[in-house]
Every structure is written in C-alpha cells, then in structure tokens.
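The structure appears below as structure tokens.
The values are calculated or read from the model by the stated rules, or taken from the named source; none is laboratory data. All figures in this text were calculated on a predicted structure; none of them were measured in a lab. We place every Cβ from the backbone using ideal geometry, glycine too, and count neighbours over all the protein chains shown.
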Amino acid sequence: MIPIGAKADPGRTPPPPLQLPVKDNTLRRVSVIFLVIFGVLAGVAIYAVKTINRAQVSSDWVNQTHEIILEVDGVLSTLRAGEGAMRTYLLTGDRRDLAAAREAFAVTTEHVEIAKALTRSDENAHAQVLRLEDLANRRIEWSERLAELREGDDAAAVQEALRTDAGVDALGEIRRAVERLREEQMALLAGRDRESYLQAQKTRWIVGTGVGLNFLLFAAVTWLLRDDLAARRRAAEALRAANEQLDAKVRERTTELAASNEQLTMENLERRWTNQALEHQLRYNQLIVDSVYDLVFVLTKALNVTRINPAVVHLTGWEAKDLLGGPLQRVVRLEENAEEPVLSPAGPIAQALRDGRELRERAAVVEDRRGRTVSAKVTLFPLRDRDKVVGGILIVHAASVSQEGKA
Amino acid sequence: MNNDLMPPLSTGAKLRRAALACLAGFVAAAGAAEVTLEKLLNDPKLTPKRFANHFEDFDYEYHVYVQPAEKFLAARAGDCDDYAVLADHVLKQKGFNTRLIHVRMVGLVAHAVCYVTESKAYLDYNNRKYTVNLEKSGATLREIANKVAGSMEANWTSATEFTYSYAEDRKKMGITVVKTEPPANDPDRRKG
C-alpha cells in the first residue's frame, strides 16, 4: 500500500494488498468431506439393502430346507400310519381303518409331490426324493394288494402275503433314505447358517466402519470449521489493527495538511498584500514620471525607446506607439562638443551606457513631428541589473520650441 | 374357536378388519340365516362376494382332513381347506373359473385359498368376517402366495395348485411353485 501523503511513483510496482489469514478453501474442503460422508452413507445404505435382500434369500433357502425335511419326515410318518391302519383293517375288516389307511397314503403322496417340487433345483436331493417316491409307492401298492386280498376274504392268502412281506426291511430302507436326505439337508442348513453368520459379521464390520469413518469425517469438518473460525478471528483482528493504523496516519496527515493549508493561506495573503503594495508603488511612480514636465525616455542599451512620459507626446506631437521601439535619434540628438571627443560611432549616449557613466546637462536638440527643433539639456542615468548596464533613463529638459521646420 | 391354529394377521390387516368389524357385524346379524349346500347351489345370483358373505359368522376349527360340505355348513365351523374346497365346488358349478391353492408358510399349516379368475381375487377364510372378503391378486401362484403370506406377515416356501372332489375325498396335487426358484422357471408361467 502507498502511505497516505507519499507521492505515487508511476515506475514502481505497487505493493501487494493486505494479506488476511482467511482460508478461502475451507468451504470447498467441507463440501468435499460432506460429499464423501454422503457417499459413504449411500454406500453403506446400498450395501445394507443388498445384505437384507441376501438375508431374505438365505432365509428362504433355510425355510425351504426345513420344508424338505418336514416333507420327507411326513412321507415316513404317514407311510407308517397308513401301514398301521392297513394292518388293523386286515385284522378287523373295519372299512374305516381302510379309509384311514388310504387317507394316510394320500397324504404320503402329497408329501412326496411337494418334496419333489422343493428339490427340483438340487439334482442329488431330487434323485433321492424320486427313489423315496419309488419305495413309498411300492409300499402303498403292496398295502393295496393286501386290502384287495382282505376284501376277497382270502385269509390264507393274506397271511401268506404278510409272512413273505419284507416290510420291515422296506420301511428300514425308506427310513435310511429319509435319514440320508435329512442329514444332507442339515449339512446344507449348517452351510447356509455359516454363510449367513459370515454375511452378518461382514455387514456389521462394514456398517461399523462406515459409521466410524463418517464420525471421523464429521470430526474433520468440525476441526476445519474451528480452524477457519480462528483464522477469521485473526483476520478480523489484523484488519482492525490495520484500520487503526490507517486512521492514525490519516489523522496525522490531516493535521499536517491543515497546517500547510493555513501557512499557504497566510502566504497567499502576504503575497497579495505585496502585489497590492507593488502595484500601488508602480502607479505612484508612473504618476510621478507622468507628472514630470521634462521629457523622460527609457532606453535600451542600443538606444531604442521602450517607454516615454506624456511630456514627450505633448512636446513632440508623436504618439507613444510611433516612438516606442524606435531609435532615440529620431527625437533627441546630442549637440557636438569639441572638448569631448566621440569615441563611439553611435554617439556619446551609447558610449556612456557602454561605460556605465552618467551624462549631465548635455546640450541637445529635440525634434518634434513637424520637424521643429527645441534646444534642451539632457541627463542620462544608466539602468543596472546587478552590475550590468541594461539600459538607461534619459531626462530632457527642453528650453523652447524653434519656429523652423525640418524641411 | 381355536385361536392357536388361526394364522396371524398383519397389523394393517388387523386395523382394516377391526374398522370394518362393526359394519360386518350388522350385515352378519341381518344375514345369519342357516346356509346349506343346496341353498348355495340354487342361488341364481351367487357371486364370489355373495358366497363369502354367508361365512361371516363361521368359527375357525382345524381338521386334518377336509370336512364334507354339509357337515361344515351345519357346524358353522371349519378351516381354510373346508372353506376353499366348498367355494371351489359351488362357484365352479355356477360357471366361475376357480383354482384351489395351497400356500406353505414357515411354522404354519399350509393355507388354502380359492382363486376366482373372473374376480381376479381369492377367497380366504381369514377374510370371512369382513366386508372386503375378496382379496385382489395376480393370477400366478407366486403372486397369490406373496399376497397370502404378506397378509399373514410370514415367509412362504412353496405354493401348490390342487384339486379336490367331495366324491373322491382326495386332494390331487398339481403344479408347485418354489419361492427360491427364479420366477421365470415357475411352472404356471412357463405354461402360460
């Protein structure tokens, strides 16, 4: 900054403006951090939603696995129930037992159908269910054949059929098939449960990390804002100090300017007074010169007329404009003096000016406009500027006017 | 009434149904006359909605097997199978295209509903007490299963279309949709 009162130097580079310690990029930094925070939040939210969807799918798989286990268990239990009811029918011949057996076998078929549908996407499990279906159907067909024999009242055939029945082995095979399927489904359950557990752990870790990261980012934003506020406080303090300094300089300079102005006013007043005095003196002197009856000529060193008084005009009849700038010789000529040899070709007046001498009461002739001459006495005073003669004042005291014309 | 076997209802459904309970009560009181299979079959104006209105004051009573129609109507108590099978039996004879659907949900007995193609809605025994006793739904098994399971705030595992005749007293299982399979592989969608 250019100090107040100092003159600006056009060739000098202006100093840099006052540097305030304000961090203008704080807003940009805070915005970036908030963008990151929102990005992390969005990422965590998207991940959480995806995890929920995965958890839903995983839950569906677990439910389906349980459903498969229930259905194959249902196959075994209803088959047993049906066979029990059928054996009761064989003993009692009560058709309600036969109906109960058939109801149970129908439910067995339902369980098999559902199990088949549930294992469609698992080739191995589906093959086992098909095998289970085959075993179950064979037992149901065997039971129906027994029912037919019982309805035909062929007790011997029924007894023979029961005796040769490998029912225990067949049911055992079905039970083993069910157990194997159940074990595999339980293993699947364990695997899916472990996967679900790991997924939950991963989700906890990611959500926790995201939340922690956001807390850190919020802390960073807080720190940035706090730092910025401190910087702004420092800037305000610096600005206040600069303003105070500036005010002091302005006050000081104003005082100086007021003093200078007062001094200039006084000087102007004095100068005006001096000029007025000079003008008065000049007019007074002019009046004195104009009042002199003798002819007054102000001459240059080359004897040209630069000023005259009214007596010249009055005596010679020339206007001032005709004489000013012209040679003195046109109006005044010194008479020759035998006792004083003329050393200068320009005459004794020029010689006296060159020598810096005065001439006193020298005889001369004044010629007016009409050529008439008048005898006169002239006195010359050299005019000096310091020690150098710059001109002279010629005073002509005329005696009388000649009646003789110039021509 | 066996409330332990009654499938749970969603909160929204409970509120909606509670709000409509009073109105349903008036309607039920007005139409509480005894209903028989013959009366239903001979009703010339029978619609799915009109059919459902007869069961507003029926109680819930679980049976392992489907009750005969007259027994169910006389006892005025039964379960979802009894109601859906009867609806299928009656409405089919009235010219409606109906489908019986079993929806299996976790921890619950399989829930049966009767879907009426013309109404684009299913009849659900859980809705019998309310004015809105027809539940709108898409026609695929997956859509119906989602709707039914959603109304009971449960996850479904599979849904099966089945048929039943009182004469044979047997359920015949049809196509089954499994929730974990891609919807594009659903048997009813492939068929459609």
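Among the residues of segment A:45-66, which ones are more than 14 Å from every other protein chain (Cβ to nearest Cβ) and without any contact (Cβ under 8 Å) to a residue 40 or more places away in the chain?
A:ALA45, A:ILE46, A:VAL49, A:LYS50, listed by residue number.
Which condition does A:ALA127 not pass, out of (1) of a type in the set (Gly, Ala, Ser); (2) touching a helix residue (DSSP H, G or I) at 6+ places or on another chain (Cβ under 9 Å); (3) more than 14 Å from every other protein chain (Cβ to nearest Cβ), if it passes all the others?
For A:ALA127, the failing item is (2).
Which condition breaks for B:PHE162 when tested against (1) within 21 Å of B:LYS49 (Cα to Cα); (2) hydrophobic (A, V, I, L, M, F, W, C); (3) assigned to a strand (DSSP E or B)?
With (1) within 21 Å of B:LYS49 (Cα to Cα); (2) hydrophobic (A, V, I, L, M, F, W, C); (3) assigned to a strand (DSSP E or B) applied to B:PHE162, the lone miss is (1).
Is there a residue in segment A:134-149 that is among the β-branched types (Val, Ile, Thr) and away from every other protein chain (no Cβ under 14 Å)?
Of all residues in segment A:134-149, those among the β-branched types (Val, Ile, Thr) come to A:140.
Still in the list and also away from every other protein chain (no Cβ under 14 Å): none.
No.
Go through segment B:79-111 and count every residue that is within 14 Å of chain A (Cβ to nearest Cβ) and closer than 14 Å to B:LEU134 by Cα.
Residues flagged as within 14 Å of chain A (Cβ to nearest Cβ) and closer than 14 Å to B:LEU134 by Cα within segment B:79-111 amount to 0.
Out of A:VAL75, A:VAL107, report the one residue that is under 25 Å from A:ARG182 (Cβ atoms), out of contact with any strand residue (DSSP E or B) (no Cβ under 7 Å at 6 or more places or on another chain), among the hydrophobic types (A, V, I, L, M, F, W, C) and surrounded by fewer than 21 Cβ atoms within 10 Å (Cβ to Cβ). Steps first, please.
Working: A:VAL75 fails: surrounded by fewer than 21 Cβ atoms within 10 Å (Cβ to Cβ).
A:VAL107 is the lone residue from the list that is under 25 Å from A:ARG182 (Cβ atoms), out of contact with any strand residue (DSSP E or B) (no Cβ under 7 Å at 6 or more places or on another chain), among the hydrophobic types (A, V, I, L, M, F, W, C) and surrounded by fewer than 21 Cβ atoms within 10 Å (Cβ to Cβ).
Out of B:GLU168, B:GLU161, which single residue is within 12 Å of chain A (Cβ to nearest Cβ), out of contact with any Asp or Glu (no Cβ under 7 Å at 6 or more places or on another chain) and modelled with pLDDT under 90?
Details: B:GLU161 fails: modelled with pLDDT under 90.
Exactly one of B:GLU168, B:GLU161 is within 12 Å of chain A (Cβ to nearest Cβ), out of contact with any Asp or Glu (no Cβ under 7 Å at 6 or more places or on another chain) and modelled with pLDDT under 90, namely B:GLU168.
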